[in-house]
Ligand code: SF4
Ligand code: SF4
């Protein structure tokens, strides 16, 4: 559903931020992610998705769908939870990080989309939790994944959809950067089945570059907390040449996973593709991916997966988001190949958001 009719605009509503602390002076503190933004009336959080209006914090992006896709759960990547099933992936706008190599800029830093929402001028796709679950059932998928940027920044929607999904026999997957508070994890754990989290690096300097507040310890503590809360956890590292492709780093990540999540806990090793400020860095050579794999095996991890593929997210002409909410199963399940000359037949469309 696209918010273009009067009726759709009326359906869209600001939702009160779930984990907010109202302070005496009219400011509020958001406890969804580890930024823990303290905001005055009119101010928006780092993610841009939460705004203080007269002493109460509201989520602007509730139900606003920036991107949507249908595919195998293995592509999330999650390989040890209901393998062989299909999942509908959705994302909204805003993120708690600003990664130099982000492939989802228009979504993760979706400032203009969130500005339009704040001004009541949005033309983004909108779906109530019921709309989304209905679409998932119609498309015959078995789960819903929250991805494309950090889902903590619209946790209100993630939890409402997850509760409804469970009632309808669907599982849910949360694809995270794990810059998430313990409170947010405790809130989601009873409702969300799977956490697939990035461990981007074991070097604080790497995290400092993308988020001044984030440390390796923050990220690892969140991943461990999700595991301890009983969520099914899988981890992923995107290897970027010259940034996190050092042998000692691979060893530290693999050892941490083994010690904290178990030797059978899956680790996904993915290839970096040039983007944004890292456009000058070539894609990760196969040797680096397999070197990380071999070291993880040496350390004793049993389930290490290498994605030595030719992904592509450069295609700009994708099906509109609304097609996924209203289209038929046949329309959605047609094979999606990238027509761009750089990828040809082998590239698969990854992005589904609409370009302005
Ligand atoms: S989700 Fe994170 S970045 Fe956004 S307002 Fe809350 S604490 Fe700030
Ligand atoms: S965490 Fe992911 S979505 Fe957010 S800025 Fe980094 S790469 Fe982009």
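A few notes on this one:
- For segment 45-56, the candidate set comprises residues that are touching a helix residue (DSSP H, G or I) at 6+ places or on another chain (Cβ under 7 Å) and within 16 Å of ligand 2 (Cβ to nearest atom); within that set, the residue that is farthest from residue 120 (Cα to Cα) is 47.
- Number of the condition not met by residue 78 [criteria: (1) surrounded by fewer than 16 Cβ atoms within 10 Å (Cβ to Cβ); (2) at pLDDT 95 or above; (3) in the same structural domain as residue 199 (by TED's automatic domain parsing)]: (1)
- Members of segment 237-260 that are touching a strand residue (DSSP E or B) at 6+ places or on another chain (Cβ under 8 Å), surrounded by fewer than 21 Cβ atoms within 10 Å (Cβ to Cβ) and closer than 23 Å to residue 82 by Cα: none
- Conditions (1) surrounded by fewer than 24 Cβ atoms within 10 Å (Cβ to Cβ); (2) modelled with pLDDT of 95 or more; (3) within 30 Å of residue 216 (Cα to Cα); number of the one not met by residue 55: (3)
- Any pair with Cβ under 6 angstrom, 6 or more apart, that starts in segment 97-108 at a residue that is closer than 12 Å to residue 278 by Cβ and ends at one that is buried (at least 20 other Cβ atoms within 10 Å of the Cβ) and modelled with pLDDT under 90: 102/108
- Single condition residue 151 does not satisfy, out of (1) within 16 Å of ligand 2 (Cβ to nearest atom); (2) surrounded by fewer than 24 Cβ atoms within 10 Å (Cβ to Cβ): (2)
- So residue 186, is it free of Cβ contacts under 8 Å to residues at least 12 places away in the same chain and either in a loop (DSSP other than H, G, I, E, B) or surrounded by fewer than 20 Cβ atoms within 10 Å (Cβ to Cβ) (or both): no
- Boolean, residue 307 is in contact with a helix residue (DSSP H, G or I) (Cβ under 8 Å, 6 or more places away or on another chain) and modelled with pLDDT under 90: no
- Scanning segment 70-96 for residues that are within 11 Å of ligand 2 (Cβ to nearest atom) and free of Cβ contacts under 8 Å to residues at least 60 places away in the same chain yields a count of 1.
- Among the strands (runs of 3 or more DSSP E) confined to segment 5-109, the ones with at least 1 residues that are out of contact with any strand residue (DSSP E or B) (no Cβ under 8 Å at 6 or more places or on another chain) are located at 50-53.
- Among (1) surrounded by fewer than 20 Cβ atoms within 10 Å (Cβ to Cβ); (2) in a helix (DSSP H, G or I) - the single one residue 157 does not satisfy: (1)
- Residue 126 being touching a strand residue (DSSP E or B) at 6+ places or on another chain (Cβ under 7 Å), away from ligand 2 (no atom under 16 Å from the Cβ) and closer than 13 Å to residue 90 by Cβ: yes
- Scanning segment 223-247 for residues that are within 22 Å of residue 278 (Cβ to Cβ) and touching a helix residue (DSSP H, G or I) at 6+ places or on another chain (Cβ under 9 Å) yields 235, 237, 239, 240, 241, 243, 244, 245, 247.
- Scan of segment 117-140 for residues that are modelled with pLDDT of 85 or more and either buried (at least 23 other Cβ atoms within 10 Å of the Cβ) or not in a loop (DSSP other than H, G, I, E, B) (or both), ordered by number: 126, 127, 129, 130, 131, 132, 133, 134, 135, 136, 137, 138
- Some residue of segment 29-44 being more than 15 Å from ligand 2 (Cβ to nearest atom) and surrounded by 24 or more Cβ atoms within 10 Å (Cβ to Cβ): yes
The values are calculated or read from the model by the stated rules, or taken from the named source; none is laboratory data. Note that the coordinates shown come from a computational prediction; the quantities given were computed from them, not determined experimentally. Because the Cβ atoms are built from the backbone with ideal geometry, glycine has one as well, and the counts that use them run over all protein chains shown.
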